[in-house]
Amino acid sequence: MDEPLLAAMIGSMAHRGPDATGIWTSRNVGLAHCRLSIIDPGGSAQPMASVDRRSHLVFNGEILNYRQLRAELHYPFTTSGDTEVLLAVHDRYGPEGVNRLRGQFAFALYDSGTGDLHLFRDRLGILPLYYCQTDKLFAFASEIKGLLPVLGAPAVDEESLYDYLTYRSVPAPYTLLRGVRKVPPGHHVVLTSAGDIHCTPYWQLPPEPATIATTPHGAVELVEEALTESVREALVSDVPVGAYLSGGLDSSLVTSLMADMRSGAELDTFSAGFGDDPLDETHWARRVADHVGTRHHELTVTADDFQRCWSTLSWHRDAPLSEPSDVAVFRLAELARQHVKVLLSGEGADELFAGYPKHRYAEATRWLGVLPSAALRRAEKTLPAHHARLGIAMRAMSEGTYSERMRGWFAPFTSTERAALLGRQPVRCTLGPFSDGRGDALHRMLYADIRTWLCDNLLERGDRMSMAASVELRPPFLDHRLVELAFALPSNVKLRGGTSKWVLKEVARKRLPADVVDRPKLGFKVPLEKWFRGGLRDMAFDSLTGPSSFVGSTFDQAAVNRLLRDHSCGERNEQSRIWALLSLEVWHRGLMDMRACRV
């Protein structure tokens with residue numbers, strides 16, 4: 001195996017592991033690893049071999065129950081970390097051992113006895129894993145950029161552009177780069193000694209609801225117990241652990257549980273704001289920090305941060321920045337890295353317990369297909385800028401099928417607009433998560449959210465933006481046991497009496513002030529509407545309408561100009577659609593820069 005090639009691949013991802021680098025080769029097989037030392041910092045170097053040298057492993061993430069597994073295994077351990085436990089589990093149970101793991105992980109294990117290479121990605125897709133196959137070799141990496149030394153000049157997968165205009169990201173197993181595939185969450189990929197590739201699930205969220213019999217009060221107790229255990233396991237670390245604290249329900253609850261478990265030890269929390277903008281929530285974060293007793297840190301994100309960081313963070317993301325808050329998450333990770341190596345977040349709670357405004361309209365989404373779509377689309381076009389939220393709902397409800405209406409809530413463009421922008425219909429269907437779910441309307445919507453919005457957007461964002469600053473992010477809500485519990489609870493404890501996330505709010509009510517628990521959800525919002533009429537206006541026009549614009553040459557230029565004009569003059573709020581197109585443009589320019597460097 002070519003060691004310089006492996007060195008180039010792992011060198012492009014040094015930010016993921018600045019503490020150590022290792023390479024192992026044997027004939028036509030090679031593994032490389034860069035390490036962010038969290039557990040057993042002084043040992044557990046990778047790539048790591050089993051005691052009999054039959055298996056070799058590279059591993060990203062944490063096995064949070066590794067101590068329990070270690071106690072159950074008869075294996076001659078030489079380290080005190082979780083990496084060797086993975087080897088011992090495989091030695092004892094083979095590939096099926098992955099079902100015994102709790103935590104977040106992406107790992108590759110080469111078995112010299114069979115000649116097979118095994119790739120595993122954790123159940124919810126917290127950590128990434130990509131692969132490609134050329135006529136000469138098979139390669140995998142935690143980030144797409146790690147595959148570029150193998151791919152040569154990267155090219156856009158034009159079939160994925162329709163998906164991007166739908167999701168602001170590309171659902172697994174596809175990506176925006178031709179020839180690069182993403183291992184789906186909860187899947188096992190095997191490259192056999194004969195060169196065949198098999199990708200199969202080892203865990204899936206059941207589409208059929210298996211509702212457990214419990215009272216509302218009993219549901220609160222079950223969720224509190226499961227979340228407490230998950231947070232306790234997420235604190236497993238030999239380095240300092242802090243928390244993102246937005247002041248919202250989810251991060252505040254996680255922070256409160258962390259503070260209790262640390263028995264008075266100092267806890268660092270971090271939040272970002274936008275100065276005097278109405279979207280700024282830092283005063284709520286400070287209120288929770290004072291209540292819980294943390295050492296709190298905060299920063300202000302500006303339009304200048306976006307212009308300064310956008311291209312660099314697109315490189316880190318290996319894709320367009322799907323959310324404006326990507327930049328704020330990175331800036332927070334930069335701040336946090338001065339104090340901790342690991343951060344806990346509240347990610348996933350909205351998708352488990354119905355936290356988005358759209359969840360209140362799950363039943364309406366199911367049945368409102370009887371309304372005339374064309375009339376809804378025409379009415380939406382007449383809405384003024386300050387009715388942007390109503391416009392989102394009307395666009396979603398104008399879609400022709402139930403699955404499309406569910407998908408439409410988070411889609412920046414409708415199916416009609418996507419086809420018009422590209423001048424063609426999609427070549428593949430990615431509606432499976434929206435049609436596979438069973439049960440009531442809310443359960444179906446949450447099932448689709450977990451399988452699309454969460455794993456391919458929010459978790460991808462969280463991993464890349466934190467790892468760009470060499471910080472590990474852990475979301476305790478996504479312990480698979482808590483996820484399975486949440487999806488076994490009846491919908492009426494999630495959305496109850498018009499209250500979203502009711503069961504979680506009842507857990508939080510025992511720990512947090514009532515005004516924190518009951519305040520309306522705002523989310524991590526960025527004041528883009530104002531910025532696209534001010535500091536970012538010229539950048540948007542120049543990038544999307546200039547002669548070298550990828551967006552301008554790929555999509556319908558008249559439609560792009562109309563979006564920019566309507567937003568700039570204040571007639572409409574088109575921030576989400578301008579953001580989607582501008583992010584694609586910024587990412588593509590970076591891609592072309594990389595191509596130029598390889599010529």
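Just so you know, all these numbers are worked out from the coordinates, no wet-lab data involved. From a predicted model like this one, the values you see are computed outputs, not experimental measurements. All Cβ positions, even for glycine, are placed from backbone atoms using ideal geometry, and neighbour counts span all protein chains on display.
Observations on the structure shown:
- Estimated FRET transfer efficiency when R0 is 25 angstrom, pair residue 337-residue 114 (beta carbons, to 0.05): 0.05
- Value of relative contact order over segment 3-201, rounded to a whole percent, pairs C-alpha under 8 Å and six or more apart: 17 percent
- The chain: DSSP helices with Cα axial extent of at least 24 Å and average Kyte-Doolittle hydropathy no lower than -0.5: 216-234, 575-598
- Relative to one another, the C-alpha centroids of segment 434-469 and segment 277-307 are positioned 26 Å apart.
- For residue 90, neighbours were defined as the other residues whose beta-carbon sits under 12 Å from its Cβ, and their charges (Lys and Arg +1, Asp and Glu -1) total -3.
- Proximity of backbone amide H atoms, modeled 1.01 Å from N, is registered between residue 496 and 502 at under 5 Å, excluding neighbours fewer than 5 places apart on the same chain.
- Computed FRET value (nearest 0.05) for residue 569 with residue 308, which takes r as the C-beta separation and R₀ as 30 Å: 0.65
- Each Lys and Arg Cβ is given +1 and each Asp and Glu Cβ -1; about its Cα centre, segment 3-201 then shows a dipole of about 180 debye.
- Span from the segment 474-500 Cα centroid across to the segment 27-106 one, whole angstrom: 31 Å
- Relative contact order, percent, the chain [alpha-carbon distance under 8 Å, six or more residues apart]: 16 percent
- Local net charge near residue 308, Cβ-Cβ under 14 Å (Lys/Arg +1, Asp/Glu -1): -3
- Ordering of 306-313, 99-106 by burial proxy (mean other Cβ atoms within 10 Å per residue, highest first): 99-106, 306-313
- The chain: calculated mean residue ellipticity at 222 nm from DSSP helix runs of at least 4, using -39500 (n - 2.57): -12000 deg cm²/dmol
- DSSP-defined antiparallel bridges as percent of all bridges, the chain, nearest 5: 75 percent
- Around the amide H of residue 80, modelled in the peptide plane, lie the amide H atoms of 44, all under 5 Å away and 5 or more residues distant in sequence or on another chain.
- Positive dipole terminus of the chain, leading residue within 256, 299, 76 (C-beta point charges): 299
- Computed from backbone phi with θ = phi - 60° and the Karplus coefficients 6.51, -1.76 and 1.60, the 3J(HN,Hα) list for segment 117-129 is 10, 10, 10, 10, 10, 4, 4, 9, x, 5, 10, x, 7 Hz; x is used for glycine and proline.
- Label selected from (1) 76, 65, 40; (2) 70, 61, 44; (3) 79, 72, 52, the criterion being Cα extents along the principal axes in Å as computed here: (2)
- Using Cβ point charges alone (K and R +1, D and E -1), the dipole size of the chain about the Cα centre works out to roughly 1080 debye.
- Measuring r between the beta carbons of residue 26 and residue 100 and using R0 = 35 Å, the FRET efficiency lands at 0.80.
- The residues neighbouring residue 231, those whose beta-carbon lies less than 15 Å from its own, together hold a net charge of -2 under the Lys/Arg +1, Asp/Glu -1 convention.
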